[in-house]
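Q: Have a look at the structure that comes next, please.
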Amino acid sequence: MSYYDPKDLRKFGQITQWSESLGEKFFEYYNSVFKEGALTAREKSLIALAVAHTEMCPYCIDAYTKDGLERGITKNEMMEAVHVGAAIKSGASLVHGVMMMNKVNKLDS
């Protein structure tokens, strides 16, 4: 058995139960973000899929894989988006190596 139960994704809307006001505000914001704007819903779905992977959220990966397929996003486009997210995440990790290098240089002085 996995810690993440795919059936729990369907319960997402229930997060308002213990904090109705904040939950409703979140969903109002969330739904506004995903409306068509400067970016299409398809583009936003690809972004969400990439971020879902960098955040390692299995619920989000499930949701935006399904959403992407429904929007006509291909397997190749999905994988390319995942690689873009991975490249940014690894680059962000590596660039912090400069901080370590600065500290070593300071301590070696």
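Q: At 7 Å along Cα-to-Cβ for each site, give me the label-to-label distance between residue 12 and residue 25 in nm.
A: 2.1
Q: Now, a different point. Could the peptides 42-48, 10-16 be put in order, highest first, of the mean number of other beta-carbon atoms found within 10 Å of their residues? Mind dumping the intermediate values first?
A: Details: 42-48: 18.9, 10-16: 11.4.
Per-residue mean Cβ counts within 10 Å order the peptides as 42-48, 10-16.
Q: How big is the charge dipole of the chain about its Cα centre, in debye rounded to the nearest 20, if each Lys and Arg gets +1 on its Cβ and each Asp and Glu gets -1 on its Cβ? Working shown, then result.
A: On the way: 13 positive and 14 negative charges, 37 e Å.
With Lys and Arg at +1 and Asp and Glu at -1, about 180 debye.
Q: Still on this structure, please answer the following. Could you give the nm distance between label points at residue 94 and residue 4, where each point is 7 Å from its Cα heading toward the beta carbon?
A: Once both label points are built, they end up 2.6 nm from each other.
Q: Considering only 59, 105, 3, whose Cα is most displaced toward the positive end of the charge dipole of the chain, charges sitting on Cβ of Lys, Arg (+1) and Asp, Glu (-1)?
A: Of the options given, the answer is 105.
Q: Still on this structure, please answer the following. Quick one: how many lysine pairs in the chain have C-alpha atoms under 23 angstrom apart, if they're 8 or more apart or on different chains?
A: Number of lysine pairs found: 15.
Q: Then there's this: Taking Rh as the Kirkwood radius computed over C-alpha pairs, what is the Stokes-Einstein D of the chain at 4 °C in a medium of viscosity 1.567 mPa s, expressed in µm² per second? Don't jump to the answer; show the numbers that get you there.
A: Values: Rh = 16.5 Å.
Reported coefficient: 78 µm²/s.
Q: Continuing with the same structure: Using a/c under 1.5 as the rounded threshold, could you call segment 1-55 rounded, prolate or oblate? The axes a ≥ b ≥ c are square roots of the C-alpha gyration tensor eigenvalues, and prolate needs a/b larger than b/c, oblate otherwise.
A: It is oblate, given that a/c is not under 1.5 and a/b is not larger than b/c.
Just so you know, all these numbers are worked out from the coordinates, no wet-lab data involved. Bear in mind the structure is a predicted one, so any value in this text is a computation, not a measurement. When we count neighbours, we look across all protein chains shown, and the Cβ atoms used for this are built from the backbone with ideal geometry, even at glycine.
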